[in-house]
Amino acid sequence: MFHAKTLVFLTFGCSVIAQFISTSSHPALSTSPTTSSKTTFSEIVSNAIPSLGSDDASKLLNVCAGGLPASRIITTKNKYEFAVCLGTDLQGGDDTVVGNIKSIEQLAEDCSQRPSCLGSSWEKVFNFAYRKVVLTVSKTSRKVDSVVRISSGPPPDPAERGVNGQWSDIIKFPVIPVAVFLVSEKPRIARLMAFSAFEPLWFGGAKGRTQFAEYNIETGEVSHRNITNTHHEMFCPGISMLPDGRVVISGGTDANRTTVYDPRTNNFTAGPHMQVARGYHSSTTLSDGKIFTLGGSWDGPVAVRDGEVYDSVANTWTILPGAVVQPSLTQDEVEDKRDNHQWFFSWRNESVFQAGPSRQMNWYLGSGSGLEKVQSAGTRDNEDAMCGIFAMYDALRGKIITAAGTPSYDRSTPNKKAFHMTIDVPGAPPTVERLPDLAQGRAFSNAVILPDGTVLITGGQTYSQSFTDEKSVFVPELFDPKTKTFRQLAAMKVPRNYHSTAILLPDGRVFSAGGGLCRPDGKCAKQGSDHPDAEIFSPPYLFNPDGSEARRPAIRRISSNVDSDGYFVRPGGSLTLTLVEDRPGLKFSFMRVGTNTHSVNTDQRRVPLEDIRKVGNEYTLALPDDMGVLIPGDWFLFVISAEGTPSVARTVTVMLCGLLQRCNYEDKSIG
């Protein structure tokens, strides 16, 4: 029940608060006089009020200026409840100022998307709102209406997470995670690096520095780094992981520069300048360990940005005259957006399959001297799909899913269409199959392949408006390759749109972060679309049907046919592992460690390991003898229970053995 005495505490009049605040009146109250007028009241508003039905007028709360009752209660899309206080100007600590608020319902929806927002006041003449992270008292105002959060939704049914998964609490970051990658470590990865631009919340101007955050996956610790020594603002770059675990970050705001992160030293060094300045380009690691890139007209004058390749041994970028960009262009009305964010899949014989975002698909084909020509692979669809999703969930069989995206980069309605593709011989047209539609069209969403072969699609907007949270999609969708269908999962807590990221963690959870980050004009802050934070999704496979935590398989030790510690393996080699406990129906999944920015993760792919020999509690897994399938670099090895629950992954490096001396080098000096 909602007691009368508590109602008095929730009255905003100064005299009432002064008269009734005391430590004996509510367990949340502090004895400190410096906090009683601020923190205490906020805690009462956020914690003490039970959920109320929006249709029960008799229970409208006395939370408005002068002790007046709320006019009504709004229930938002994510099931938060807000009391509507007409003529009330809330007082307390402001979070951000938000522009373009045109209704009291929009005001409540905006506040509901920020866990720290306890209420918000709307200046109706100017359509500005002031979000409050601390509430003290209020005053009357004919020009201002407000909402006060009274409920964060009903407590979830514990069994629900066994069906739809569960999102973590919000994790604060010192930067907006516009780009992310995992740090190569053995026996398992424990760190993630995220970065924004020259400032934590701003970009622009080629300032020669980048703000990074390091997140410890196991301890939850977050730290901040300002990288200046490479003279590179790495905002909107290409990102790819080399065979030895180093990460190459190319172009962006400082459009011709390259930075290389070395996990062995935890340091950044300047690489060679690219031959062509680029931003918004994709890059991908080839089967020979080199990195291919193409396009990227966002930064600098509009120009033809044909392909080039980075050789980490020679430490050079080399132009590829035959790898022309023109066949891969979209028909965006804005010229510098036509060659952005290519959907690249490295494949056999040093080839690259470009599945989108243009409706025209292409093969970039070559030999030991590089990618030498472009060959049409037919059309995927009758429209382009910029900032759609793409993922190779079964590289053993060349199986790919693509979905969503927009005909034009910005201010465009995304499609709901999804496609299933199968590639085989380089140069041959893929088999393309139309899948059932997504529940909603999405722009600026992200896709993450999960250990069981399903694909998680998170975030995005039903109308692409960069730097805003308008028309956000909170509910993720999961693609099941067995049924070739999608289903919806638990709603995320924060909008993840333009400049958001998502990546698979070694424990089978998914890190989702970022969104926003404008130029230094305050636009994103005013609109409330800056998100210097993250949340982590635990898929349903981590829970039993009753919602309790599922029991994971566990690896006791691992070795390979070339390394007794199992840190390294060659294509065509084998991995032998002993489990803590043998269980029936186990499966094994090999997943390349990912990178992500701007909906692009060309590093991720999954290889199901199906050639298995079992002796007692020991399993020997044969790997494909094809570097176009097993792209060299770091991979996760997951053991999956019969119920679908993955182990915590071990890190294994697939060595580049095209040249014997390189293979020997990586055998001993990395990890």
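Values computed for the structure shown
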item	result
Distance in nm between pseudo-label sites at residue 416 and residue 185 (7 Å out along the Cβ direction from Cα)	4.3 nm
Whole-percent carbon and sulfur share, accessible surface of region 463-600, 1.4 Å	48 percent
Carbon + sulfur, % of accessible area of region 609-650 - ligands and nucleic acids excluded, 1.4 Å	47 percent
Charge dipole (the chain, unit charges on Cβ, about Cα centre) - positive-most of 107, 407, 190	107
Percent carbon-and-sulfur accessible area, region 105-250, ignoring ligands, DNA and RNA, probe 1.4 Å	52 percent
Net length gained if the chain between residue 434 and residue 561 were fully extended (0.36 nm per residue, minus Cα distance)	41.6 nm
Relative contact order [Cα under 8 Å, 6+ residues apart], region 69-115, whole percent	37 percent
Bins of 5 Å, starting at 0 and running to the largest distance - Cα pair percent for region 349-407	5, 18, 22, 23, 19, 10, 3, 0
Positive-end residue, region 528-619 charge dipole about Cα centroid, Cβ charges, pick of 567, 616, 554	616
Using distinct alpha-carbon pairs, which all enter the 1/r mean, Kirkwood radius of region 96-171 in Å	14.1 Å
Calculated P(r) tail over 17 Å for region 495-570, as whole % of Cα pairs	66 percent
Cut-off under 5 Å, modelled amide H: who pairs with residue 566 long-range	560
Mean separation of Cα contacts under 8 Å, 6 or more apart, over the residue count of region 345-436: relative contact order %	22 percent
P(r), alpha carbons of the chain - 20 Å bins starting at zero, rounded %	19, 49, 26, 6, 0
Histogram of C-alpha separations across region 375-468, 5 Å bin width, %	3, 14, 22, 23, 18, 12, 5, 1, 0
Relative contact order (%) - criterion: Cα under 8 Å, at least six apart; region: the chain	12 percent
Region 237-312 - Rg (one decimal) and Dmax (whole number), Cα, Å	11.9, 38
Segment residue 97-residue 228, extension gain: residue separation times 0.36 nm, minus the distance between their alpha carbons	44.0 nm
Extension gain (nm, one decimal) between residue 159 and residue 613, 0.36 nm per residue minus Cα-Cα	159.8 nm
Directionally averaged projected area (convex hull, Cα atoms, region 449-582), nm²	12.1 nm²
Prolate/oblate/rounded label for region 442-503 (Cα gyration tensor, a/c 1.5)	prolate
Rule-of-thumb Rg ratio for region 402-527 [Cα; 2.2 N^0.38 Å; N residues]	1.14
For region 322-434, the spread of Cα positions along each principal axis, largest first, Å	42, 28, 18
Estimated FRET transfer efficiency (residue 546, residue 383; beta-carbon r; R0 51 Å; 0.05)	0.70
Estimated FRET transfer efficiency when R0 is 51 angstrom, pair residue 319-residue 219 (beta carbons, to 0.05)	0.70
Region 149-263, accessible area per residue, ligands and nucleic acids excluded (1.4 Å, Å²)	33 Å²
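The values are calculated or read from the model by the stated rules, or taken from the named source; none is laboratory data. Just so it is clear, the structure is predicted and the values come from calculations on it, not from any experiment. Heads up, the Cβs are rebuilt from the backbone with ideal geometry, glycines too, and the neighbour counts pull from every protein chain shown. The area values use the complete protein model at the heavy-atom level, side chains included, leaving out ligands, DNA and RNA. Shrake-Rupley method; radii C 1.70, N 1.55, O 1.52, S 1.80 Å.
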